[in-house]
Amino acid sequence: MTYAIVETGGKQYRVQEGDTLRVEKLTAGEGETVVFDKVLAISRDGKVTVGTPYIEGAKVTAKVAAHGKGPKIIVFKYHNKTNYRRKTGHRQPFTAITIESIEG
């Protein structure tokens, strides 16, 4: 079993070939191939390789499956005794990707 830990959008993800996951929005269009070169660790057959901080020459290739927005988050601000109320919402954009290969 081969897996890797990659960094994108300020977050770290554990990925395997064939995985589909949601990451922070990427600029690539649907159907395009994306290469993640910030690989922090790779595990092959129980042998783990860890970078300092990244592994040189390692890359993870993924295909953009879709773009979308996450569920609505309600932000409500309230100050007691001052008649202050503000209600806003937020939907975080994301990109769904499918991991194709892990090299390195």
Filter the stretch 1-12 down to residues that are surrounded by 12 or more Cβ atoms within 10 Å (Cβ to Cβ) and within 15 Å of residue 100 (Cα to Cα) and give me whichever is farthest from the chain's Cα centre (by Cα).
2
Could you tell me whether residue 104 is modelled with pLDDT under 95, within 20 Å of residue 19 (Cβ to Cβ) and surrounded by fewer than 11 Cβ atoms within 10 Å (Cβ to Cβ)?
no
Restricting to the stretch 42-71, what's the tally of residues that are among the charged types (D, E, K, R) and within 27 Å of residue 25 (Cβ to Cβ)?
3
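Yes or no: residue 71 of a type outside the set (Val, Ile, Thr) and without any contact (Cβ under 8 Å) to a residue 24 or more places away in the chain? Walk me through how you get there before you give the answer.
Numbers: of a type outside the set (Val, Ile, Thr): yes; without any contact (Cβ under 8 Å) to a residue 24 or more places away in the chain: yes.
Yes, satisfied.
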Among the residues of the stretch 48-91, write down those that are under 27 Å from residue 14 (Cβ atoms) and hydrophobic (A, V, I, L, M, F, W, C).
48, 50, 55, 58, 60, 62, 64, 65, 66, 73
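The values are calculated or read from the model by the stated rules, or taken from the named source; none is laboratory data. Just so it is clear, the structure is predicted and the values come from calculations on it, not from any experiment. As a convention, Cβ positions derive from the backbone with ideal geometry for all residues, glycine included, and neighbour counts pool all protein chains shown.
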